[in-house]
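Visitor: My questions will all concern the structure given below.
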Amino acid sequence: MSEKWDRRFLALAEHIAQWSKDPSTKTGAVIVDHNNRVVSVGYNGFPRGVEDTVERLENREVKYKIIVHCERNALLFAHASVEGCRLYTWPFMSCATCAAMVIQAGITEVVAPFSDNPRWIADFDLAKKLFFEARVRVRLLS
């Protein structure tokens, strides 16, 4: 895959992340097939029909229990198989739980910006291990 395409799809994931109502972390995902066609997109947010109240959005304990991550939304919104597709995420790679779902869905490559955010580093390391074991290619761009 060329860097030009990678940058375009990461820019699209960054744009989609801005649709999130989460005041602290806005994440976006783009799933692309082998012909560079967008199959699905997603951003982090509450489930359909669940109200985005300030009390929920600003209370991490509550928010983390009900928010749907961008990768999960992109997988759920896909109207076709994502087997063999690439996943682009912004502003960092998938957490371990999303990595498991991405693997199970048949995604074969993950591209994200490099992040060493101390709050997520252990989760990123576990996600990388899962991807490695499942033979999912991971590319972290600087």
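Visitor: Give me P(r) over the stretch 1-102, computed from all C-alpha to C-alpha distances, binned every 10 Å, as integer percentages.
Guide: Per 10 Å bin, starting at zero, the Cα-Cα P(r) for the stretch 1-102 comes out as 16, 48, 28, 8, 0 percent.
Visitor: How big is the dipole moment of the chain about its Cα centre under a simple scheme where the beta carbon of each Lys and Arg is +1, that of each Asp and Glu is -1, and everything else is neutral? Debye, nearest 20, please.
Guide: Roughly 200 debye, rounded to the nearest 20.
Visitor: At 0.36 nm per residue, and after removing the present C-alpha to C-alpha distance, how many nm does the segment from N117 to R7 gain when stretched out fully?
Guide: 37.5 nm
Visitor: Grab the DSSP H runs of the chain that are 4 residues or longer, score each as -39,500 (n - 2.57), total them, divide by all residues and round the 222 nm result to the nearest 500 deg cm²/dmol.
Guide: After summing the helix terms and dividing by the residues of the chain, the value is -11500 deg cm²/dmol.
Visitor: Follow-up. At 1.4 Å probe size, with the rest of the protein present, what percent of the exposed accessible area of the chain is carbon and sulfur atoms?
Guide: Summing carbon and sulfur atoms, their accessible area is 54 percent of the total for the chain.
Visitor: Give a residue-ordered list of calculated ³J(HN,Hα) values for the stretch 81-97 (Karplus: 6.51 cos²θ - 1.76 cosθ + 1.60, θ = phi - 60°; whole Hz; x for Gly, Pro).
Guide: 4, 9, 4, x, 7, 9, 10, 10, 10, 9, x, 8, 6, 5, 6, 5, 5
Visitor: Modelled label-to-label distance, T97 and S142, 7 Å Cα→beta-carbon offset: nm?
Guide: With each label point 7 Å from Cα toward Cβ, the separation is 3.3 nm.
Visitor: Can you list the residues of the stretch 3-33 with backbone N under 18 Å from a point 7 Å past the Cα of E55, pointing along Cα to Cβ?
Guide: Backbone N within reach: 23.
Visitor: Of the beta bridges DSSP finds with both residues in the chain, what % are antiparallel, to the nearest 5?
Guide: 60 percent
Visitor: May I pose another question? With respect to the cross-link table entries K26/K129; K21/K129; K63/K129, which display a Cα-Cα separation exceeding 29 Å?
Guide: In this structure, K21/K129 exceed 29 Å between Cα atoms.
Visitor: What are the extents of the Cα atoms of the stretch 78-120 along their three principal axes, in Å, largest first?
Guide: In descending order, the Cα extents are 35, 17, 16 Å.
The values are calculated or read from the model by the stated rules, or taken from the named source; none is laboratory data. The model shown is predicted, which means the values in this text are computed figures rather than measured ones. Counting neighbours? That spans all protein chains shown, and the Cβs are built from the backbone with ideal geometry, glycine included. Side chains are part of the model used for accessible areas, which takes the heavy atoms of the whole protein and leaves out ligands, DNA and RNA. Shrake-Rupley method; radii C 1.70, N 1.55, O 1.52, S 1.80 Å.
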